[in-house]
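Step one of this worksheet: look at the structure below.
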């Protein structure tokens with residue numbers, strides 16, 4: 001079954017790819033091997049503990065979150081499985097394995113919440129920028145800018161009419177691409193800055209009208225539901241659902257994706 005597949009080779013290479021030889025890298029590499037062996041042996045508690053230790057060492061990758069999410073899923077801990085799949089998609093928005101497993105996990109969520117309709121252009125734009133990570137866009141900006149400088153150099157210093165013509169038209173095309181990437185980058189950065197999403201980790205959470213235990217309950221959320229965190233007062237946080245409803249829940253009942 002695709003859902004339980006573990007990315008052994010990829011994650012080992014991920015840990016081994018750091019060129020700086022240090023005790024920390026050796027520790028992470030050994031934890032990766034140990035965690036993968038534990039997963040294969042169906043010792044999911046040990047696998048989870050070791051994958052979490054790797055994260056605590058400051059190492060992250062889509063494959064690491066994928067394997068950790070799978071470990072939690074096999075333990076029946078739906079909220080943390082979904083949280084890790086979502087975190088993995090921050091690094092690789094187009095990762096098919098992460099998207100597939102997230103879809104499977106979301107099918108088990110108790111809460112079925114409708115999404116507020118959006119103007120089709122806004123919906124298209126959100127879908128488009130979700131295909132890219134902020135890191136990918138940053139690399140693309142640098143690469144296109146360098147090619148744009150090369151095209152400009154050809155136009156100014158090219159020795160033949162063909163070189164100058166190629167520099168002119170190539171530069172015009174690259175400039176248009178550069179501007180497009182800038183807009184997408186800005187849109188992605190604003191989305192990351194303004195959207196503070198989280199996953200409910202508790203089995204059941206009561207959302208109230210105000211940050212007070214005695215306040216009226218407005219709705220009940222269950223493990224795995226995705227919410228947007230909007231405000232904080234003491235140890236209470238206001239969350240917003242995809243249908244627009246808002247309520248206050250106790251801090252610690254959810255895990256933030258970013």
Stokes-Einstein D (µm²/s) once Rh is taken as the Kirkwood radius of the range 197-256 over alpha-carbon pairs, at 4 °C in 1.567 mPa s:
118 µm²/s
Note down the nm distance, to one decimal, between modelled labels 7 Å out along Cα→Cβ at residue 100 and at residue 33.
2.9 nm
Helix-only CD estimate at 222 nm, as mean residue ellipticity for the chain, using -39500 (n - 2.57) per DSSP H run (n ≥ 4):
-19000 deg cm²/dmol
Kirkwood Rh (inverse of mean 1/r, distinct Cα pairs), the range 130-258, angstrom
18.1 Å
The chain: Rg/Rh from Cα coordinates, Kirkwood Rh?
1.08
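To the nearest 0.05, what FRET efficiency results for residue 152 and residue 113 with a Förster distance of 41 Å applied to their C-beta separation?
0.20
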Mind grabbing the base-10 log of I(q)/I(0) for the range 82-146 at q = 0.16, 0.21, 0.27, 0.28 Å⁻¹? Debye formula, identical points on the C-alpha positions, no solvent, two decimal places.
-0.73, -1.03, -1.14, -1.14
Sorted by packing (mean other beta-carbon atoms within 10 Å per residue), highest first, where do 43-51, 239-247 land?
43-51, 239-247
Helix axis angle, 44-56 relative to the chain longest principal axis, alpha carbon, degrees
50 degrees
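FYI, it's all coordinate maths here, none of it is from the lab. This is a predicted model, so every value here is computed, not measured. Reconstructed Cβ throughout: ideal geometry from the backbone, glycine too, with neighbour counts over all protein chains shown.
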